[in-house]
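In what follows, a single structure is set out as structure tokens and then discussed.
Bear in mind that the values in this text are calculations on the coordinates, not laboratory data. Everything numeric here is computed off the predicted structure, so don't read it as measured data. Neighbour counts run over all protein chains shown; Cβ positions are idealised from the backbone, glycine included.
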């Protein structure tokens with residue numbers, strides 16, 4: 001994690017990029033606050049504790065891997081500093097996972113969900129399940145809750161070959177986003193870096209919103225009752241809400257980060273967000289064991305039911321998580 | 001190799017985070033390799049009957065512990081305890097544990113009207129669900 005830009009004026013001129021200890025402390029404080037803010041519903045949810053008792057080690061490992069991947073994407077495209085290289089982004093992600101586990105362990109102990117009498121697999125399971133959610137909150141909190149510093153320094157390495165003259169590491173960068181910005185004359189095609197950045201943030205938003213809904217029994221309950229027509233209508237609503245948030249609600253960042261030149265842009269943007277939502281929905285349901293022993297139809301129905309919250313998270317996340 | 005410039009606090013947090021992450025991940029890998037294929041293996045252990053203070057004299061409590069030595073968690077574990085005297089079932093008690101996680105145990109108590117001696121009690125698991 002990095003200190004905000006104003007600390008770069010610190011007297012220690014020998015290491016101008018090194019952040020001060022109080023600055024780092026403030027950042028960790030923001031991270032802790034964000035971790036609590038975004039994951040408290042999950043820390044107080046019984047299904048999550050049960051999941052920690054039931055989950056197989058391999059699934060928990062997959063969860064750690066998936067969350068790490070998500071944190072990499074988030075820190076790369078919406079993190080505090082855009083000039084962070086892969087090594088720095090990885091260091092940040094490891095820190096956030098560690099803080100997530102620590103925070104989850106402390107709170108679960110305070111809430112009496114874990115205690116010394118429990119066996120190690122149970123304690124570790126609960127801490128991992130909750131800690132992953134907290135880690136995402138820590139990451140989002142560190143980057144989003146800091147208000148007064150733009151915290152951006154230059155453009156990402158090598159992502160904008162079309163603008164090689166842009167100053168590197170300069171603090172005067174006008175760009176508000178870590179994602180390679182389209183030049184003012186919109187090109188005919190987006191760069192792959194732009195799209196992967198957009199989809200990474202969509203995925204983060206989707207998981208952030210849907211993680212507190214996926215573990216609940218209600219998803220299964222709704223899916224059992226849902227008629228085929230319900231599911232079709234839900235799919236339509238999911239697509240519609242995605243399009244609404246991205247293209248016609250005037251969300252912060254909607255004009256800068258989303259291109260709506262013609263109808264094809266709208267359709268492509270809506271469908272790509274829907275795709276991310278379905279993937280996030282299925283991944284979360286699998287992690288929480290909702291596909292275990294289910295037929296394909298039931299799994300699909302649950303994915304569709306959860307896709308509505310994920311789509312709202314994906315489209316809103318795509319706009320709001322960008323540091324603009 | 002150039003390291004990112006960070007202060008001692010950031011390196012400390014990073015080191016702690018990395019240690020924790022590696023520890024948790026290796027623990028899970030070991031668990032996965034050793035136990036994940038084993039089904040739940042449940043045992044029932046009964047404690048000494050005792051009379052809780054301030055209750056009916058006719059109420060005798062028997063502590064019961066259900067252990068799971070297998071690799072899978074068992075849910076809704078149903079346990080039956082019989083009080084058998086002179087070949088006759090005097091009392092029958094049943095208890096359900098919502099979860100007995102893998103390599104863990106859960107405890108509870110059953111109450112009997114007749115004073116049971118330890119060797120008169122017969123306990124076994126009736127069944128459980130795979131969560």
Next on the checklist: Please check: in the Gaussian network model of chain B (C-alpha springs, under 10 Å), which one of B:77, B:100, B:89 has the largest mean-square fluctuation.
Outcome noted: B:89
Next on the checklist: Whole angstrom only: what separates the Cα centroid of the range A:251-322 from the Cα centroid of the range B:55-131?
Outcome noted: 47 Å
Checklist outcome for this item: When B:78, A:92, A:217 are arranged by how many other beta-carbons sit within 10 Å of their Cβ, fewest first, they go A:217, B:78, A:92
Checklist entry - How big is the range A:182-324 by Rg and Dmax over its Cα atoms, in Å? => result 15.7, 52
Next on the checklist: Under the rule a/c < 1.5 gives rounded, and otherwise a/b versus b/c splits prolate from oblate, where does chain B land using the Cα gyration tensor?
Outcome noted: prolate
Item to check | Likely footprinting exposure, A:220, A:257, B:124, fewest C-beta neighbours within 10 Å first | outcome: B:124, A:220, A:257
Checklist entry - Fewest to most neighbouring Cβ within 10 Å: what's the order for B:5, A:126? => result B:5, A:126
Item to check | Three-way shape label, the range A:223-276, alpha-carbon gyration tensor, a/c 1.5 | outcome: prolate
Checklist entry - What relative contact order, as a whole-number percentage, does the range B:42-129 give when Cα pairs under 8 Å and 6 or more residues apart are counted? => result 38 percent
Checklist outcome for this item: When chain B is treated as a Gaussian network with springs between alpha carbons less than 10 Å apart, the largest mean-square fluctuation among B:87, B:71, B:54 is found at B:54
Checklist entry - Once both axes come from the Cα atoms, what is the angle between helix B:8-35 and the longest principal axis of chain B, in degrees from 0 to 90, rounded to 10? => result 50 degrees
